[in-house]
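All of the numbers you see were taken from the coordinates with simple rules; none came from a lab. Just so it is clear, the structure is predicted and the values come from calculations on it, not from any experiment. Using ideal geometry, Cβ is built from the backbone for each residue, glycine included, and neighbour counts are taken over all protein chains shown.
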Amino acid sequence: MAQPSVNLDEIDERLLTLLRDDARQTIAQLAKELGISRGAIYSRLARLEEEKVVAGYTVRLGHAFAASRVRAHMMIKTLPRFHREVEQALAALPLVQAIHAISGEYDIIAMLEAEDGVQLNELIDEIGLLDGVERTTTSVILATKVER
């Protein structure tokens, strides 16, 4: 049975990042860092717990949430002199989680995360059509053995 998707806004994402960095921060510290009230932090944390995004206060993403995502890495070869433009276009795509410049045959590795295979396929097609992209090779991540 498919899990319902969870929509995280920018503040939710920043809150999760702060908690991953130091899950022992106080509510007051988090509120100050994010520029919102302590009450808003409590509400967001309660919602994230209820939706199983936050499964514990070592701040591990809940299995159901993580399992509901499809992750992949895409190696991208750019046309000469288009590297920067491609990086900027990739950075504007919210489903692109990280962009790494690499050496070798390809120029970029982009880490992708989508709600499902259909959304991932659409993202792959969209990236392939960017001006300056010569070719791509994508590998879907089947399982994560270690993540720090």
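Just a few scattered comments:
- Pairs of Cα atoms in the range 39-103 fall into 5 Å distance bins, from 0 up to the last occupied one, in shares of 3, 14, 17, 15, 12, 12, 11, 9, 5, 2, 0 percent.
- Prolate/oblate/rounded call for the range 70-128, Cα gyration tensor, a/c under 1.5 rounded: prolate
- Stretch gain in nm, segment THR144-SER37, where the contour uses 0.36 nm per residue and the Cα spacing is subtracted: 35.0 nm
- Label-point separation in nm, ASN121 to LEU8, each point 7 Å along Cα→Cβ: 2.6
- In this rough spin-label picture, where each label sits 7 Å from Cα along the Cβ direction, the ALA28-ALA64 distance is 3.5 nm.
- LEU129-SER103 FRET efficiency (beta carbon distance; Förster radius 25 Å; 0.05 resolution): 0.45
- Long-range amide H partners of VAL54 with built H, under 5 Å: GLU49, GLY62
- Every helix of 4 or more DSSP H residues in the chain counts as -39500 (n - 2.57), and over all residues that averages to -11500 deg cm²/dmol at 222 nm.
- Kirkwood Rh in Å, taken over all unlike Cα pairs in the range 45-148: 15.0
- Quotient of C-alpha Rg and 2.2 N^0.38 Å, computed over the range 107-146: 1.27
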